[in-house]
Amino acid sequence: MNNTLKDLPYRPCVGAALFNQKGLVWVGKRLIKPNTKLKPIWQLPQGGIEEGESADCAVLRELKEETGINQVEIICESKGWIKYDLPTGLIGNIWGGLYRGQRQKWFALKFLGTDVNVDLNTHEQPEFSDWKWLTLRTIPLIAAPFKKKVYQAVAKEFRNIVRESK
């Protein structure tokens, strides 16, 4: 990474590990725009923190926008921020080239609804084309390569929640 990329800040962001009653985690398949070279990837709901917004409010807003789900309870949040750098080829193509990656505050949430509460089309720009429930330990295995370490850290930090959910 050259000096100009190193000087770029990290985008403040939140992520949601949404656990159902069986201890499984909600994961969505990213909607890929036509004529892009990107491959569809699976990821947990996440998004930017707006100016003046708290991280806990941001995670509830992002979860509602991306999944239609608002039947949740926050269980806990990550102890610190988890950072990742974008691959060099994506810098400049995402977020107007203003960021080198993201620093994320992760939340574990308990899903209080049912699968019928999921609506991927609640936002004018849908994020996901499909979704499913997976084990927490599976999430890093299906993540984009540059996000694997993030999902490994999330799985490690929230591993005890799976036991509590059952």
- prompt: Where does the charge balance sit around Ile41 when Lys and Arg score +1, Asp and Glu -1, over other residues with C-beta under 9 Å from its C-beta?
  reply: +4
message: Run the helix sum for the chain: -39,500 (n - 2.57) per DSSP H stretch of 4+ residues, divided by residue count, reported at 222 nm to the nearest 500 deg cm²/dmol.
response: -6000 deg cm²/dmol
Of all DSSP beta bridges in the chain, antiparallel share, percent nearest 5: 65 percent
- line: For the pair Thr138 and Asn121, the simple spin-label estimate (label points 7 Å beyond Cα toward Cβ) gives in nm 2.6 nm
- prompt: If you add up the charges near Ala55, with Lys and Arg at +1 and Asp and Glu at -1, over every other residue whose beta carbon is less than 12 angstrom from its beta carbon, what do you get?
  reply: -2
statement: Once both label points are put 7 Å beyond Cα along the C-beta direction, the Leu112-Phe146 separation in nm becomes 3.7 nm
- line: In units of 2.2 N^0.38 Å, the Cα radius of gyration of the chain is 1.01
Sequence-separation-based contact order of the chain, relative, with Cα cut under 8 Å and 6+ spacing, percent: 34 percent
- request: For the chain, build the charge dipole from Cβ charges (+1 Lys, Arg; -1 Asp, Glu) around the Cα centre, then report which of Ile32, Ala144, Cys57 sits farthest towards its positive end.
  value: Ala144
field: With Cα atoms, 0 to 90° folded angle of helix 148-157 axis to the chain main axis
entry: 40 degrees
query: Of the cross-linked pairs Lys6/Lys79; Lys83/Lys156; Lys110/Lys132; Lys22/Lys105; Lys83/Lys148; Lys64/Lys132, which ones have a Cα-Cα span greater than 18 Å in the structure shown?
result: Lys6/Lys79; Lys22/Lys105
- line: In nanometres, the difference between 0.36 nm per residue of separation and the alpha-carbon distance of Asp7 and Lys22 is 1.1 nm
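Read-outs throughout are calculated quantities, based only on the coordinates presented, and are distinct from any laboratory measurement. No experiment lies behind these values; they were computed from the predicted model shown. Neighbour counts are summed over all protein chains in view; Cβ atoms, including those assigned to glycine, are modelled from backbone coordinates with ideal geometry.
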